Structure formats: C-alpha cells, structure tokens
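Novice: Structure in structure tokens, see below.
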Amino acid sequence: MNEFSIDERPMSNAGAPVVAVVGPTASGKTGLGVALARQFDGEIISMDSALVYRGMDIGSAKPDMAERAGIAHHLIDIIDPTESYSAARFRADALALIEQIRARGHLPIIVGGTMLYFKALREGLDDLPQADPALRARIEADAAARGWPALHADLARFDAVTAARLPPGDSQRIGRALEIIRLTGRPMSEALRKVATPLPFPLLALSLEPADRAVLHARIAARFDAMLAAGLITEVAGLRQRHALHPGLPSMRCVGYRQAWDFLDGRLDHAQLREHGIIATRQLAKRQLTWLRGMPDLTRLDCLRPDLHAAAAAHLKAFLLPMEST
C-alpha cells in the first residue's frame with residue numbers, strides 16, 4: 001500500500017499538485033521518479049527528448065521493464081527516429097496528461113533532463129515562427145561548408161545575447177537562432193522577452209545536483225561503458241537499417257547516437273567512440289547544470305547523498321500536506 005495518497009483530497013484539477021524531478025544526466029532521476037511514484041501513487045511523465053523515440057532504448061537510458069512495472073509512464077516510445085518532437089508539443093502533451101492523471105486520482109511526476117522542455121512548461125511558449133525546412137537546409141549547407149563555429153560567429157554579430165549562451169558546436173540551437181533572425185528580422189533574444197505564463201497548478205521541482213562533479217563524471221563514464229556493453233552500436237546499426245535516417249535528424253544528434261553513427265561510418269574507432277561519447281555526455285551534464293543554476297524556485301538536493309530518496313520523499317510530503325485540508 002502507498003504511504004501517502006492524494007486521491008481523497010477535495011481538490012479541483014486546476015489546483016492539483018505536480019512534482020518534477022530534474023537534473024543532469026546520470027544524477028539518478030529515473031530511480032527517484034520511480035521510487036516517488038511507488039510511494040505517492042504517481043504516474044510518470046517523461047521529460048526527455050531522446051525517450052520519445054521508438055527503438056532508441058540503450059543510448060537513451062530508457063527505463064527498463066522492472067522500473068516501469070506497475071507504474072504508468074507517458075511520453076516514451078511515441079514517435080519514430082525519423083520524426084521530430086518540440087518543446088511546444090511537449091508542453092501541450094504534458095499539460096493534457098497532468099489533467100488526465102489528476103482526474104484518475106494520481107500524482108503527476110515529471111521526470112527528465114531536457115531543460116528546454118522544462119522551461120517551456122514552467123514559463124510558457126514564446127511567439128516564435130515555425131521551422132522553415134528549406135531555410136534550415138540552407139543554413140546547414142552553409143555550416144557544412146564553413147563549420148558551426150563560423151555560424152556561431154555570424155550569430156554573435158546579430159544576436160550577441162543568444163550567442164553568449166550557446167557553445168560554438170551547438171548546431172541545433174545556433175541554426176534555430178539564425179533561422180529566426182532571417183525569418184523575423186530580429187534577434188531571438190528579443191523575441192524571447194515575454195512575461196512568463198504561470199502554471200495552473202502548484203509545482204514542486206526537485207533538482208538533483210552533485211556536490212562533487214568528479215563523482216558525477218565517474219557515473220557518466222560507467223554508464224556509457226554499460227551502454228556499449230549492452231549493444232549501443234548494434235542498436236544504432238539496426239535503426240539505420242530500419243529507417244531512412246541521416247545524421248542531421250534530432251534523434252541521431254542525441255548524445256551517444258551521433259558518436260555511434262560516426263563509428264559505423266568509420267570516422268571513429270572504438271576507443272575514440274568511448275572517449276567522444278563520455279566527453280559529450282559530460283558537456284551535456286554541464287549545460288543542464290547551467291540551466292538549473294539560472295532557474296528560480298527549485299528544491300536543490302545533492303544527488304550523491306545516500307539518503308536521497310528519503311530526503312526527496314520528505315520534501316514531497318511536506319509539499320502535499322498543506323493542500324490536504326484545502
């Protein structure tokens with residue numbers, strides 16, 4: 001039996017509580033989310049841009065069958081690797097799922113590290129133009145000829161604010177920022193200046209952040225080695241056989257998958273695949289932590305503490321109890 005249930009509370013769906021478990025890769029989000037779902041009668045909404053893809057199981061660290069047993073998981077395995085998924089679609093899907101989960105008397109638990117999705121959920125969406133495939137293709141052709149650092153320099157001339165927060169190799173976001181400039185005639189940083197849209201429910205955001213970055217790096221290396229041993233290369237080779245993929249797709253730009261692609265194409269040997277994959281994962285974790293440091297209203301927990309699950313459960317119980325009498 002669950003220790004604490006929220007389904008007896010006379011509360012409208014609009015005011016129903018929601019919890020989010022966020023943090024860098026390898027911080028233990030999945031395990032904590034599952035533990036909280038079991039203890040607090042919850043359903044999990046994945047907030048991970050890689051878990052949406054069918055067939056991308058090993059390299060995305062997708063929850064296994066034991067972790068999913070008895071707990072509803074949403075927004076996992078919903079599209080093929082040839083398709084795209086956006087922050088706008090995530091926000092719409094997550095808000096709809098939150099309402100449905102609360103109507104079933106369960107606690108919505110958002111789990112993941114795609115910070116752009118989390119920002120979209122918490123603050124709303126900006127009025128930016130939709131992607132223009134033809135324009136994006138021209139930008140990517142320019143990048144192929146000159147390199148993404150050169151395009152990053154172009155971006156800095158027109159939108160220094162956006163360029164300052166993007167590394168020169170962040171092809172996806174540099175391309176999008178240049179696309180917005182060419183479509184609207186104004187920098188993305190200007191278009192992003194909007195009043196935040198408040199969420200229609202109280203949110204407890206548990207942010208798992210390591211007290212010792214070196215320990216997180218060791219976890220990242222161990223997990224990437226485990227992915228290689230579990231058959232990451234075979235997984236990517238199979239995806240290439242089953243689908244019309246190319247390395248520019250969002251699915252194949254995911255960390256681990258793009259390095260395995262380069263290995264299969266002969267650009268990396270096995271040792272380089274491992275090295276590049278670990279370095280890329282560390283860089284991802286660094287970006288995630290940078291996002292989190294700039295976000296207000298987070299309950300920050302050391303993901304390395306031995307009593308992490310108990311500490312998170314105590315925070316969640318304290319969050320829920322005042323609402324029990326409303």
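The values are calculated or read from the model by the stated rules, or taken from the named source; none is laboratory data. If you're wondering where the values come from, they're calculated on a predicted model, not measured in any experiment. Neighbour counts are summed over all protein chains in view; Cβ atoms, including those assigned to glycine, are modelled from backbone coordinates with ideal geometry.
Novice: Quick check on Ala131: is it farther than 30 Å from Ala310 by Cα, among the small types (Gly, Ala, Ser) and touching an Asp or Glu at 6+ places or on another chain (Cβ under 9 Å)?
Specialist: yes
Novice: Out of Leu155, Leu125, report the one residue that is touching a residue at least 12 places away in the same chain (Cβ under 8 Å) and either buried (at least 19 other Cβ atoms within 10 Å of the Cβ) or hydroxyl-bearing (Ser, Thr, Tyr) (or both).
Specialist: Unique residue meeting the criteria: Leu155.
Novice: Within the range 188-200, does at least one residue satisfy the condition of being farther than 25 Å from Thr25 by Cα, in contact with a strand residue (DSSP E or B) (Cβ under 9 Å, 6 or more places away or on another chain) and modelled with pLDDT under 90?
Specialist: So far as the range 188-200 goes, yes, one or more of its residues are farther than 25 Å from Thr25 by Cα, in contact with a strand residue (DSSP E or B) (Cβ under 9 Å, 6 or more places away or on another chain) and modelled with pLDDT under 90.
Novice: Among what's in the range 237-253 and is closer than 16 Å to Arg54 by Cα and under 20 Å from the mean Cα position of the chain (by Cα), pick the residue that is surrounded by the fewest Cβ atoms within 10 Å (Cβ to Cβ).
Specialist: Arg253
Novice: For the range 254-297, enumerate the residues that are under 21 Å from Gly113 (Cα atoms), buried (at least 22 other Cβ atoms within 10 Å of the Cβ) and over 15 Å from the mean Cα position of the chain (by Cα).
Specialist: Residues satisfying the conditions are Tyr257, Gln259, Gly277.
Novice: Across the range 157-178, what is the total count of residues that are in contact with a Pro (Cβ under 8 Å, 6 or more places away or on another chain) and either of a type in the set (Ser, Thr, Tyr) or over 15 Å from Leu116 (Cα atoms) (or both)?
Specialist: Number of matching residues: 6.
Novice: Here is a further query. Sort out for me the helices (runs of 4 or more DSSP H) sitting completely within the range 63-155 that have 1 or more residues that are among the hydroxyl-bearing types (Ser, Thr, Tyr), under 30 Å from Arg38 (Cβ atoms) and in contact with a Phe, Trp or Tyr (Cβ under 6 Å, 6 or more places away or on another chain).
Specialist: By residue number, 115-123.
Novice: Scan the range 29-50 and report the pairs whose first residue is free of Cβ contacts under 8 Å to residues at least 40 places away in the same chain and charged (D, E, K, R) and whose second residue is surrounded by fewer than 24 Cβ atoms within 10 Å (Cβ to Cβ) and outside any helix (DSSP H, G or I), with Cβ atoms within less than 9 Å and a gap of 6+ or a chain change.
Specialist: Note: pairs meeting the criteria are Arg38/Asn2; Arg38/Gly70; Arg38/Ile71.
Novice: Select from the range 36-67 the residues that are modelled with pLDDT of 95 or more, among the charged types (D, E, K, R) and on the phi < 0 side of the Ramachandran plot and list them in ascending order.
Specialist: Once the filter is applied, which keeps residues that are modelled with pLDDT of 95 or more, among the charged types (D, E, K, R) and on the phi < 0 side of the Ramachandran plot, the range 36-67 yields Arg38, Glu43, Asp48, Arg54, Asp57, Lys62.
Novice: Let me ask something else. Checking Ser171 against (1) touching a Lys or Arg at 6+ places or on another chain (Cβ under 9 Å); (2) in the same structural domain as Glu99 (by TED's automatic domain parsing); (3) of a type in the set (Ser, Thr, Tyr): exactly one of these is not met. Which one?
Specialist: (2)
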